[in-house]
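Following: one structure in structure tokens, then a few remarks.
What follows draws every value from the coordinates through simple rules; no lab data is involved. All figures in this text were calculated on a predicted structure; none of them were measured in a lab. Cβ atoms come from the backbone with ideal geometry, glycine included; neighbour counts cover every protein chain shown.
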Amino acid sequence: MASMLEFRTPGFNPYAVKYSPYYDSRLAVAASANYGLVGNGRLFCLGLSAQGVVVEKAFDTNDALYDLAWSEINENQLVVATGDGSIKLFDLAVPDFPVMNFHEHNREVFSVAWNPVSKDNFLSSSWDGTVKLWSPTRTASLLTLPIGCCTYSVAFSPSNPSLLSAASSDSHIRLFDLRIPPSANYHLAATIPVHAPAPHPTRLGQATYAGAVPAEILTHDWNKYADTVVAAGGVDGAIRTFDVRSPVGGPLAVLAGHEYAVRRLAWSPHARDILVSASYDMTVRVWTDGSTMPVPGAGPGGQGTISTGAQLGLMNRHTEFATGVDWCLFGAGGWVASVGWDERVLLWDAHTLLRG
Amino acid sequence: MADSLCGPSNGAKNLLSHADRDRSLQQDRLVGGANGSPATFRSQLNRSGADEAFAGFQQNGHMEPVLNGMPAGIPNHAFHFPGIAAPMAPINHPIAPQFATHQPTPAAHDWVNQFAGMNVGNKNAPAPALAQPHQGAQIHGRQTNMGYGFGQAGFAGPFGAQQFGMTPQMPMHAPTTMAYGTQNQSFATMQQNESALDVDAFNKAFGDYDDTEFDAEIAKWAEKEAPAGEQVTALPVQPVEEVAEQQPQEEDAAPRRREDEELARAAISILGSVEKNNSEKFKNSNFFELMRRIGNREVVVEGPNLVDSTTGETVVARSDDGDGAEEPAARTLGA
């Protein structure tokens, strides 16, 4: 691989990395001491400069950090998810301390996501079995959505400010539509059983697809182009994509390759079929979901066949679990940041992987 | 809402099933899964084996938190290696066998009733039998707090643990007598209603001996057993809560010891789950090295740090070469 930028987070094991939606040269890393077992957390705000990657700002927290999300409405702000159940809003212009603290979750907060459309609220999910909707200006949550089991990942639809999704340990992705009256199901619009077999006979490769043993889902993301497509990854190491319009219709694609659990995945902001994933097998892989490829042996429109996609590249530089990955929104397209428990942040161009 | 839905949050627990290709733990949960309601959305479809298994999983996922409050298969935690929770669950705690031995067996029944009738001790003392419901609460409390509490949250609900789990930490003076009192009270409460007749018979047979004499004997015995200088006047029965209050310092060490124990077990499980992986990376992993040391009790949790158990020095989790660890300046590779 050609060029790769590296940054070290000494004493802290990163859990998540996110590029700023405002600047091509800014990214943030949420990290925890002692692999998050015990001890503090630190939020690194990094900048790309002529000297390489430098710390623009660092914030220390009393508890481990598990995720972060940049504000979509203020280029200097971001929220972090902490192990003590609080969510903290930091401002790069305000040193040391968070400008807001949101503390309603009873257990570790595992995921935060900012609304990319309305930009005035964000989500958090926690091991206390709830998802909460927050306004950055209020300390009390706007809404609490019951999930009932650990929810590792929460996300907004990229095109609809009212549509959100939560992936949890019971092998389901739940879709909530905030426009639905809360009366019956607390805005629950649909549930995707990720490991369930397809209702109609479908083929995956040469075999009939019979579903899979249910396992925890650790991460999911919405496709930025096909706004009804969601990809999910988890303990069984496979990545599956679904069309939310057909929640029980089975997966569109199953991407197998990771040897251990998939810890984080992200769709490319530049191409509709590309996604990147980080895994406990210490690799980061770039995939196509096969939606732009002809499906061999498929009927018209590829009906009845689940795509197996293709692995386009494998980044093997991390020497511990790879825990976070994100795409840069800017540039020629293809710059990826990945973090791992080897205390390293790596910035690299996915195109170099594709070329081999 | 549900605090404990996700199970224990030991810092290392969930690692196992993430790394575990053998998903038998997940499958175990499906066997004989109680199906309360049909999986409506797919009930009209042809159900394959996997389909049913999935339905079972779905329902289990919802039932277990309600039934057990602590689904073994749905753990959570910093590393999300869920499988580890299952091996952890059976550990439970020392009180279980203790209570088991206290259950009156049919053979011992008469003796128990008679013994209960003697009413040694204070009838008004809080009945330890009430503590039995605490078993559940304690297990729950411990498992949900364990790990989470590594020097951070601590034991939010240590009551149960202190009350019973700490027997080894009881002060040295006459632990036997202490246990005796508790046991007796327990029996008295449990058996009171049905023992009236037996008591009469017992009194007839042993009317000569009255309680004061028995108390005196007990006190004498306890005095003899106790280390010199120790006062045992509080005997025979002291409400357990008071005892717990009196020994917070001694008992503080025990939850921590147990946390270390749990963490060590989790670490061993994690290592076991990847032992078949011979890749260079996994062999050289600092994380797995740390797990090894934790598993060997070489590293323990001390406040917010991991420390070497022999030297007491803080263990710094350091990445591979340590190069550049001190200077956060970045470098460009290759190019």
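Couple of notes before you dig in:
- Shape of the stretch A:4-353, Cα gyration tensor, a/c cut at 1.5: oblate
- Centroid-to-centroid, using Cα positions, the stretch A:232-291 and the stretch A:120-161 are 23 Å apart.
- Peptide A:148-157 has a mean of 4 when you count, residue by residue, the C-beta atoms of other protein chains within 10 Å of its C-beta.
- Cβ-Cβ FRET estimate between A:Y22 and B:E213, R0 fixed at 60 Å, reported to 0.05: 0.10
- ³J(HN,Hα), Karplus 6.51/-1.76/1.60, whole Hz, each residue of the stretch A:6-23, x for Gly, Pro: 10, 9, 9, 10, x, x, 10, 9, x, 10, 7, 9, 9, 6, 5, x, 9, 10
- Overall form of the stretch A:112-172: oblate. Here a/c, set by the Cα gyration tensor axes a ≥ b ≥ c, is 1.5 or more, and a/b is not larger than b/c.
- Of the residues A:G304, A:S86, A:A33, the one whose Cα sits farthest toward the positive end of the charge dipole of chain A, with +1 on the Cβ of Lys and Arg and -1 on the Cβ of Asp and Glu, is A:G304.
- Which listed pairs, of A:K88/A:K224; A:K88/B:K276; A:K88/A:K119; A:K88/B:K283; A:K57/A:K119, have C-alpha distances above 29 Å, in listed order: A:K88/B:K276; A:K88/B:K283
- Extension gain for the segment A:R179 to A:K119, taken as residue separation times 0.36 nm less the Cα-Cα distance, is 19.9 nm to one decimal.
- Built amide H within the under 5 Å cut-off of A:Y22, gap 5+: none
- Placed amide H near A:D349: partners under 5 Å, 5+ positions off or other chain: A:V336
- Our estimate of slack between A:T139 and A:N101, defined as 0.36 nm per intervening residue step minus the Cα-Cα distance, is 13.0 nm.
- Each Lys or Arg adds one and each Asp or Glu subtracts one; over the other residues with Cβ under 10 Å from the Cβ of B:A264, this totals -2.
- Global form of the stretch A:1-143, assessed from the alpha-carbon gyration tensor, a/c cut-off 1.5: oblate
- Among A:S169, A:G211, A:T144 - extreme Cα towards positive end, dipole of the stretch A:4-353, charges at beta-carbon: A:G211
- Label point at A:D60 placed 7 Å out along Cα→Cβ; residues across the stretch A:84-102 whose backbone nitrogen lies under 13 Å: A:96-97
- A:G11 long-range amide H proximity, modeled H, under 5 Å: B:S319
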